[in-house]
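Take a look at the structure below.
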There are 2 protein chains.
Amino acid sequence: MQSPNPAIALLLQTGVASVDGQMYLLAVLGISILSLVVAAGLARYVIAQDAGTSEMQKISNAIKQGAEAFMRRQNKTILALSVVLAVVIYIGYTVGKPDQPELAFRMTLSFVLGAICSTLAGVSGMWVSIRSNIRTASAARTSLNGALQIALRGGAVTGLSVVALSLLGVGCLFWFFGGLEHPQDVPTQIVAFGFGASFVALFAQLGGGIYTKAADVGADLVGKVEAGIPEDDPRNPAVIADLVGDNVGDCAGRGADLFESTAAENVGAMILGAGLYSVFGIGGILFPLVARAFGIIASTIGIFVVKTKEDADPMEALNRGYYVTTVLALIGFYVAVKLLLQGNMMLFGAGVVGIVTSFAFVYITQYYTEYKYRPVKMIAEGCVTGPATTIIAGFAIGLECVAAPVLVISAAIMTSYFLGVNAGLVGVSEQAAGLYGTAIATMGMLSTAAYILAMDTFGPITDNAGGIIEMSKQPKAIRDRTDRLDSVGNTTKALTKGYAIGSAALAAFLLFSAYIDEVKALLKMDHNAPFPIDIGHVPVFTGALLGAMLVFLFSSFAIKAVGRAAQTVIQEVRRQFKENPGIMKGTSDPDYGTCVDIVTISALKAMVVPGLLAVASPVAVGLIFRNFESAPGGPPMGAVAVAAFLMVGTITGILLATLMNNGGGAWDNAKKYIETGAYGGKGSDAHTASVVGDTVGDPFKDTAGPSLHVLIKLLATITLVAAPLFV
Amino acid sequence: MQSPNPAIALLLQTGVASVDGQMYLLAVLGISILSLVVAAGLARYVIAQDAGTSEMQKISNAIKQGAEAFMRRQNKTILALSVVLAVVIYIGYTVGKPDQPELAFRMTLSFVLGAICSTLAGVSGMWVSIRSNIRTASAARTSLNGALQIALRGGAVTGLSVVALSLLGVGCLFWFFGGLEHPQDVPTQIVAFGFGASFVALFAQLGGGIYTKAADVGADLVGKVEAGIPEDDPRNPAVIADLVGDNVGDCAGRGADLFESTAAENVGAMILGAGLYSVFGIGGILFPLVARAFGIIASTIGIFVVKTKEDADPMEALNRGYYVTTVLALIGFYVAVKLLLQGNMMLFGAGVVGIVTSFAFVYITQYYTEYKYRPVKMIAEGCVTGPATTIIAGFAIGLECVAAPVLVISAAIMTSYFLGVNAGLVGVSEQAAGLYGTAIATMGMLSTAAYILAMDTFGPITDNAGGIIEMSKQPKAIRDRTDRLDSVGNTTKALTKGYAIGSAALAAFLLFSAYIDEVKALLKMDHNAPFPIDIGHVPVFTGALLGAMLVFLFSSFAIKAVGRAAQTVIQEVRRQFKENPGIMKGTSDPDYGTCVDIVTISALKAMVVPGLLAVASPVAVGLIFRNFESAPGGPPMGAVAVAAFLMVGTITGILLATLMNNGGGAWDNAKKYIETGAYGGKGSDAHTASVVGDTVGDPFKDTAGPSLHVLIKLLATITLVAAPLFV
């Protein structure tokens, strides 16, 4: 069964069902559970470490309390919204599909399970990360390697549980819904799992993103700029809120983001695999899960490999782990292709394209956000002539930096598409074969997701550790150590964002195609029938225009929310400074709790409108445009206009998110570059200007940008779930 | 011939050619020539006015010299590029279409004529405007109405010559190429006229836009911020360059921009009209020209109506003129529909939709850029907490402000489409009929173009007049008068940008459809055959992605160019202040000429790369994608990918241009709002922050934003000209 030769493949088709679906599914579930056990073990390992001085614990506990209070309230809000939506889905499917009574139940169950797993992934990751920060700080007092390992392993708890929970959820639903008996029908019945995950992720990322930047911007403006005290100074009443923000935004938010990525893309790829049933049998459907399971194993080994010397660059150690993970993931991918895709080397090639793409994205992100290279230097130069030129230069870089990723993604999509077309898949339309190629590339890109996510969560842990060391006034040698880790953490956070948007772009096609496949199934059209999304047709073009508009409007809400919430922080801090002059003298403690509360309330209030806008818009477009006539002989206008809405919304989202992520990162590092002494260093006018750039970049790179990743995928999953409404 | 009833229309079809094409064409050419005579008369009227004191003339002459030197050099560069392109077009068509030897000649001639007319429109407009400024200033010493009328009539020279030259060029080519004998074939042969116009306009808008903002930003940063001297202070060596910039950017640039709008849209609508030959005969083809000719008459009358009392708001006088123009244009439109479109009331309705759309755009732009309303107030509030929150608030407003225009355009496109569908056009496909409806709406929107353009050019004239009054140290009462006119000029400039982008959006479909019609003609496909631009197909999606990317990259080049050129200004001014301390003391004159030269050189150097990028990209996409297989039975992939590139590029361009125009305008007016005394007024920290916002907004609203209008239409016209390459 390992020949890519189409003639032999044809001969083998009769034996195709002989791929033992049950065995592979069990293996996937087993590996997922094992990964959760490993994650639990890592959590135990972290908890067992020394928890520092009582001074340090006091700070850490304040962070823990703030983060947990926020998560509790946020989850309550999300839960309420989810229950409403679950009821809507149940009633919608019961009324709309009375001929398939079990579908309403299955959709609702999938949605609820997706929402629960997404919440769990976020909560468990944050649970460990707020316990890792103090232990990382404590270990930093004696050894760089100790601190590095605790931070990464703490991050790995998030990485492993996110990917394992997504596999477990999808795998269990597939089995429970009888996927082994009806493998072609079940994948479309679990799309709501991805939607549930995206729904929670959107609010988690939005709420957390607004929280973290409102606290950060507020604390910086009133502390660094107005009162002239350094970052993380314990006299700043907003400092704990700022540290809490790192956990709830960067950590829980990104965890939910990547959870829904893996969930949505697994389900999407399974739907495409179902379309190739005649070629690969159940193998094509289970391939995404098996490839991902191998990826988890590769990531786990990669995490354990990381070790640094006291005087080495910790980034090198993390990179070594990444290389090990990549090589192992590649081997695992090859094995999965051998076992499930008849060893089709063209499809393996598509997987390699995906892995190469993730490398390219990591490199491009580094080029645009590290101060060794031209872009950040250009912004730093702009700082010399004041804040206006700082902003102009940074915005120009943000606009520029979309070019390279788009070229890479274009090349990756086209290459994997043509590898798919030439994979010799007999009886499959050229388009379906090509799309499966892009799906395989996405699987390749995401095979290292668990490791990447561990590196990402490493960021807020080291950031918090640095804050604790700073606030508990440890000696300079120790602060230098946490500063080095913190700076590495900034890099890994930027890389993950590049990776997340790259995978979102590559996966976009997967999800579009899954949607089109589903609409075809609903209309009882042939799987290989053409389904043109003709944007040369006026109503379709209008749908596309509205999709692009949604992305701008959504970003506006996210950024305005940060501005508004930051204002409340600034006012509170000013009030405390005014009413209690002892704070600035260091004789009395500021009231950290009130700041935490204020940001919590503002952030949760602000996330509702953009969240609902994102959910309601595609449904509204579908319902409005279904009233228009379709092109003669073409598919119904509602479904087509929504597809255009989704596709052009995705294109715009990818560009705007890249602009915001990299622009924000570049401003941040232009400031860091000046702080190394360039253009007058700290305290110079250039430095003041660079702080303005950094502050502007904050809501770009940590609120709107990451929320757009989730938005793109939410649009894709909601259209999948709501598809019956549009036809 | 006036019945919209399809049955009667059918009966009348045999008599359709009886619309006397020659008579209408002669009328159009006559009205165009008459309008040029009126424009010349207005120029004479302006020149005959008092030219002020010798002190004022000294300043005015410096502006004139700088502007003329820039235009000379710029036109030389553009000329060189145009000659190269003309040769490429000639050779391309000779080699590619050897069976139609006359086509190469016709395309090249059209291109050259379009380029020449576009240059002429820019030059003549600026010629008058740099002579109107001093006379406006002089008149302001005695009467507000005198100044208002001189400034508007000076602006009207641009408005009338732009629209008349475009009609004259298109009309003459149509006649010369035998359009009266072969009305269906000729419109596609003159598409290069639009391309020539767009090509020149792109460079004029880019070069002028970079010049004006580099001088402005440079002068402000080094003058207002560093040296603490007011705007337009004669001690600032960059002040003349700044005033020159108003003429070459706002005036010549926008003139070329709207020239190519009217040219491209006339030709596009004629191509669509050719597709309806069976219904309207030559009437459908000549309709755009006749409607536009009536529009010129309406605008001329509107201009002569404007008159203000000494104590009235000059904006009200301008609005009265606009209302008169609109009502007359509506009547003219109705007459044109009666005469040429069989009095089809559905199509007249589409024209009304266009006129209503232009009103809506004017209103939306005012809402987002005037300080009476929430958006600007929100930015002003952000100024209180410093430059970072100023930028964040302004950017959020910029992102938000795309929503209303997109909804209006969506409604306008859909309504006019369905009016077209229901117009009872017998023997025409639903899609072609609907598209003709959107074309008619575009004609409606553009029928007031000459008046709008006159109001727009009014802006830089009053701006310059204010500068001359300020620099020649006139009494406060006179300065107040020019300040009032200047503030009205700011509003009209913002409105024109809203109008320009709105008409670009509405016209987008016209030009897409013209492109698709042309590709069909090249492929000898039936005019009513489907031609899906299926973005669900991977190569097409990739084309779309690249189109969106081009818009971002192009904007980045434009903004970077401003930053870079502004740096050269800052360095030069600093050098002069340092080497000649007498300048600041007011004892010796600064060297204005060097600043003018430096900006000229930087701006012209910087415009070449983005300009060529815009021209080369669509051609490159077409040539690359023509190597890919088309969908089974579908049109060739090269042509389809270019269409997706164009359409999604247009969508992205509309959104980004709106963000930049309105965001920039809002920042500008937040500053003005604070200067009225809000939040501490001039000199407060909020004011300093608002200056940062204003400076950031400058290259957005005056360089990148307007250049994107031209880019959108350049993409449309170049794809029309290069279409034979893609099939």
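The values are calculated or read from the model by the stated rules, or taken from the named source; none is laboratory data. Please read these numbers as outputs of a predicted model, since none were measured by experiment. Here Cβ is always computed from backbone atoms with ideal geometry, including for glycine, and neighbour counts include all displayed protein chains. Accessible surface areas use protein heavy atoms only, side chains included; no ligands, DNA or RNA. Shrake-Rupley method; radii C 1.70, N 1.55, O 1.52, S 1.80 Å.
Per-structure values
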{"read-out": "Helix axis angle, A:705-726 relative to chain A longest principal axis, alpha carbon, degrees", "value": "30 degrees"}
{"read-out": "Cα-based Kirkwood hydrodynamic radius, the range A:417-519, one decimal, Å", "value": "16.5 Å"}
{"read-out": "All-pairs alpha carbon distance profile, the range A:296-345, 10 Å steps from 0, percent", "value": "27, 36, 23, 11, 3"}
{"read-out": "Phi-based couplings in Hz for the range B:44-59 (Karplus 6.51, -1.76, 1.60; Gly and Pro marked x)", "value": "4, 4, 5, 4, 6, 6, 4, 9, x, 6, 5, 4, 5, 5, 4, 5"}
{"read-out": "³J(HN,Hα) computed for each position of the range A:161-166 - Karplus, 6.51 cos²θ - 1.76 cosθ + 1.60, integer Hz, glycine/proline x", "value": "5, 4, 5, 5, 4, 5"}
{"read-out": "Difference of contour (0.36 nm per residue) and Cα-Cα distance, B:K473 to B:I301", "value": "58.3 nm"}
{"read-out": "At 7 Å out from Cα toward Cβ: B:L79 inter-copy label distances (nm, ascending)", "value": "7.7"}
{"read-out": "Of every Cα-Cα pair in the range B:224-284, the percent that sits beyond 20 Å", "value": "58 percent"}
{"read-out": "With eigenvalues of the C-alpha gyration tensor scaled by 5 and rooted, chain A, Å", "value": "42, 27, 24"}
{"read-out": "FRET efficiency estimate (nearest 0.05) - Cβ-Cβ, A:K585 to B:A69, R0 60 angstrom", "value": "0.45"}
{"read-out": "Summed buried accessible surface, chains B and A, 1.4 Å probe, nearest 100 Å²", "value": "6600 Å²"}
{"read-out": "Kirkwood Rh and Cα Rg combined as Rg over Rh, evaluated for the range A:65-191", "value": "1.15"}
{"read-out": "Principal axes of the range A:553-625: Cα extent on each, largest first, Å", "value": "65, 17, 13"}
{"read-out": "Taking the C-alpha atoms of the range B:139-284, convex hull volume expressed per residue in Å³", "value": "133 Å³"}
{"read-out": "Rg and Dmax [Cα atoms of the range B:412-473; Å; Rg one decimal, Dmax integer]", "value": "21.1, 69"}
{"read-out": "Förster radius 30 Å - calculated FRET efficiency between B:R374 and B:E629, Cβ distance, rounded to 0.05", "value": "0.05"}
{"read-out": "Carbon/sulfur fraction of accessible area - the range A:630-681, other protein chains in place, 1.4 Å, %", "value": "54 percent"}
{"read-out": "Accessible surface, per residue, of chain A when the full set of protein chains is kept, probe 1.4 Å, Å²", "value": "29 Å²"}
{"read-out": "Contact order relative to length of the range B:450-549, as percent, for alpha carbon pairs under 8 angstrom and 6 or more apart", "value": "23 percent"}
{"read-out": "Karplus 3J(HN,Hα) series, Hz, for the range A:181-188 with 6.51 cos²θ - 1.76 cosθ + 1.60 (x for Gly, Pro)", "value": "8, 10, x, 7, 8, 5, x, 5"}
{"read-out": "Label 7 Å beyond Cα on the Cβ vector: B:G30 copy-to-copy distances, nm", "value": "9.3"}
{"read-out": "Between the range A:190-234 and the range A:360-427, the Cα center-to-center distance that results, in Å", "value": "25 Å"}
{"read-out": "Extended-chain gain in nm, criterion 0.36 nm per residue less alpha-carbon gap, A:D685 and A:V95", "value": "205.9 nm"}
{"read-out": "Once the Cα gyration tensor of the range B:468-619 is diagonalised, semi-axes √(5λ) in Å", "value": "49, 23, 12"}
{"read-out": "Sparse-neighbour loop sites [trypsin sites (Lys or Arg not before Pro); the range B:290-341; at most 14 other C-beta within 10 Å; DSSP]", "value": "B:K307, B:K309"}
{"read-out": "Proportion of all alpha-carbon pairs of the range B:325-476 beyond 25 Å (%)", "value": "52 percent"}
{"read-out": "Rg(Cα) / (2.2 N^0.38 Å) computed for the protein assembly as shown, rounded to two decimals", "value": "0.92"}
{"read-out": "A:I33/A:R574 FRET efficiency (R0 60 Å; Cβ-Cβ; nearest 0.05)", "value": "0.70"}
{"read-out": "Spin-label model distance (nm) - A:L26 vs A:S278, 7 Å beyond Cα toward Cβ", "value": "3.3 nm"}
{"read-out": "Ratio Rg/Rh [Cα only; Rh per Kirkwood] for the range B:122-224", "value": "1.16"}
{"read-out": "Shielding by partners, peptide A:644-654 (average Cβ within 10 angstrom, other chains)", "value": "4"}
{"read-out": "Computed [θ] at 222 nm, deg cm²/dmol, chain A (DSSP H ≥ 4; -39,500 (n - 2.57); rounded to nearest 500)", "value": "-28000 deg cm²/dmol"}
{"read-out": "A:D311, B:D242, reordered so the largest accessible area comes first (probe 1.4 Å)", "value": "A:D311, B:D242"}
{"read-out": "For A:I331, label point 7 Å along C-beta direction: distances to other copies, nm", "value": "8.7"}
{"read-out": "Folded to 0 to 90 degrees: helix A:374-384 orientation relative to chain A principal axis, Cα", "value": "40 degrees"}
{"read-out": "10 Å-binned pair-distance histogram of the range A:242-363 (Cα, whole percent)", "value": "12, 32, 34, 16, 5, 1"}
